[in-house]
1. Could you give me D for chain A, from Stokes-Einstein at 4 °C and 1.567 mPa s, where the hydrodynamic radius is the Kirkwood radius over C-alpha pairs? Units µm² s⁻¹, please.
2. Need one value for B:130-137: mean number of C-beta atoms belonging to other chains within 10 Å of its residues' C-beta atoms.
3. So for chain A: antiparallel DSSP bridges make up what percent, rounded to the nearest 5?
4. Per residue of A:110-119, count partner chain C-beta atoms within 10 Å of its C-beta, then hand back the mean as an integer.
5. Ordered by packing density, taken as the mean number of other Cβ atoms within 10 Å over each peptide's residues, highest first, how do B:460-469, A:191-200 rank?
6. If amide H atoms are built 1.01 Å from N in the plane of the peptide, which residues on other chains or at least 5 residues away come under 5 Å of the amide H of A:Val76?
7. How would you rank B:Tyr114, B:Tyr522, going from fewest to most other Cβ atoms within 10 Å of each one's own Cβ?
8. Please report the relative contact order for segment A:97-229, taking Cα pairs under 8 Å with a sequence separation of at least 6, and give it as a percent rounded to a whole number.
Amino acid sequence: MGESREQVPALARSAGLARPVALASERVVPVLDTLRPLLPDGGLRRGSVVAVEGSTSLALALLAGASAGGSWCAAVGFPSLGLLAAAELGVVLERFPQVLLPATAGAAGWAWAVAALADAVDVVLARPPAHLAGSHTRRLAARVRERSSVLVTSGGSWPGADVRLSVVGGCWEGVGEGHGRLRTRRVEVVAGGRGAAARGGRVALWLPAPGGGVAPADVVAAPVVAAAR
Amino acid sequence: MGAPRTLALWCPDWPVVAAGNGGGQAGAVGPVAVVDRGVVLACSAAARAAGVERGQRRRQAQARCPHLVVVDHDPGRDARAFEPVVAAVEAFTPTVEIVRPGVCAVPTRGPSRYFGGDEALAAKIAGAAGAIAPGCRTGIAEGRFAAVLAARGGLVVPPGQTAAFLAPLPTTTLEEGTLEEGTLGEGFADLVGLLGRLGVRTLGELAALPPRAVLARFASPGTLAHRLARGLDDRPPAARRPPPDLAVETLLDPPVERAEAVAFAARGLADELTGALAARGLAADRVAIEVETEWGERRCRLWRLEGAGAAALAQRARWQLEAWLTDGGLGPLTRVRLAPDEVRPDRGRQQGFWGGDRMVDDRVAAVLARIQGRWGVEAVVSGVPAGGRGPAEQLRLVPWGGPPVSPESGPGRERPPWPGRVPPPAPATVHPHPVPAEVTDAAGGPVGVSGRGLPTTAPARVSVSGGPWAEVVAWAGPWPLDERWWDPPAHRRRARWQLVTAAGDTHLIALEGGRWWAEALYD
């Protein structure tokens, strides 16, 4: 009993030596198939920062693939996050803790919480506070890179994000002048960013799709070259 | 907050009685003195008549009474001799707390009612115990301290009169009355002397001082004395046989201010505690981490462990101590204590062979616990399915790591119907508190809901939170709700609408009592 307990660390070490150095799946956190065209690596590359603008739903949808695959995700600084929508999009709530910052925490407390979570979970969804110092963003980006997690920001600006996804134009269907109800929304997502993401892209999606989740809509425009940043 | 009514049993000169029982010496008849480190601790009535007093030097006592039989003090002997007396009291009530050998206390609430009142209970217990320890007395008052003082006079203090009973007693009773050995130590004797020099001579005068001033001037012993003088107890009587007391603690002398040093001590404690639990086949579900500062300030926080091991406990202790010492502004610590609050049988834990999910879960749990240590348990929450109609009601936010909540509806169960539920898809942004809004028709007039649940006119423009007016291009609803009509204070009548503006913003808006509230945003 005692001996076997002592052997556990040794076993874990040999397991680390025996397995492949870096699997492809370990460099990229998977996303829903529908969202793959938006991302240069076909998923959320570990160590990168993804800035989502204009839609909380899209940010939640980005987490859905990872969460369904068994990864842990966490949200920081979203007192108004619609968890029901997250669940409908495919985020597993048992692995999706919310950090509600007290009013006194400030930008430093926010950065501390994000850095702490980046150590443990695969994807951190965070809303940057209004006045975030450049030093905080640089330090957090370095931390995320070092810890091989992914930071998804939404509802605030993040200069220097690796991938930038903006929702332009949303059109709800199913609702009319006093009849029906909201059923599905067609959005167009414009991708941009740095490095491989700089070539950009434009994808039309049903977000949410009629039965829940995300579905591809007919592509209206071929990938366009985004303005160089 | 008053202390619970307590009965105290007091056996005078217990060390002398115990010496007579156990040592086979002269018994209680002749002059006997029990001496501890050359000083008389207790003496028999015959010795007292000959001029022997507590606190005398041994040689001085022998000079006054040449026939004096001197017995060395042995606390173990006192305790052993007291056991039959406690057993006699235990025949009346199972919750007996031994204050010290010679004095025990029981809460009287239940037994008094059963045996026909405080006086009857006091007489019965005195009779039963007196058969074993002649001369013992009982007294009843609020709180153990007052009860012991009442027992000296064999009194039953009427309910609510404890403070009045204590007020005329001199402050020296603090020292020589109940607490001569054990908990308080030498600081208390110094305190009584100091109080006398400052002109505070009775317990009533001490009780009249403001508590904060007493704490500031006399630190921890002063606060304790002040509590006792006011008729509050230092601690409630506890059961005599608690579940195995496995709490571990360490005293830090000199007091330690650096978190690392305290954490080092806590690590040892964690190993000790988990070892003691494991020896009984237990694992801690919840552990109380308690500290006491040099200034008598105490902090305690409960940590849920869910059976995790010594390393996890040591980590939590370190984070908690760091949080207190660096952010909490707590002074130098004199004591660290880990007490298992809830235990469960240890069923062991299985880790994935390749260091799988289990380890990730542990790491996440550790980080979340750290965040909770900094900002409180409410800082990390998770959503649990719950019943309700609105987007905020269908999921309940519960603190992370709390006891598992049985979901009212979940994937495993059939979701109960909630007629009038806001239909899916759910909004991605739900305002924690509804935001005031305004809605008008095309002419700028009010929009309402008729008695039959139909809109009076079509909404045409909307402004949320005093923002600019936006044109409504599509809308759905109203869905009238009449909730909790059976409970007048909680009764709500609302009508929900979905409004899509020209700019693409889509709101979930409720009309209640003639006012509009934006509840959520489909973004």
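1. On the way: Rh = 18.8 Å.
D = 69 µm²/s.
2. What the average comes to for B:130-137 is 0.
3. Among the beta bridges of chain A, antiparallel pairing accounts for roughly 55 percent.
4. Values: counts 0, 0, 3, 7, 0, 1, 6, 6, 1, 5.
Shielding by partners across A:110-119 averages 3.
5. Working: B:460-469: 15.4, A:191-200: 17.9.
Going from most to least packed, we get A:191-200, B:460-469.
6. Sorted by chain and number, the residues that satisfy this are A:Val99, A:Leu125, A:Ala126, A:Arg127.
7. Numbers: B:Tyr114 10, B:Tyr522 27.
Least crowded to most crowded, the residues run B:Tyr114, B:Tyr522.
8. For segment A:97-229, the relative contact order is 15 percent.
Read-outs: derived from the displayed coordinates by stated rules, not from any lab. Here the structure is a predicted model, which is why all the values come from computation and not from measurement. Every residue, glycine as well, gets a Cβ built from its backbone with ideal geometry; the counts of neighbours run over all protein chains shown.
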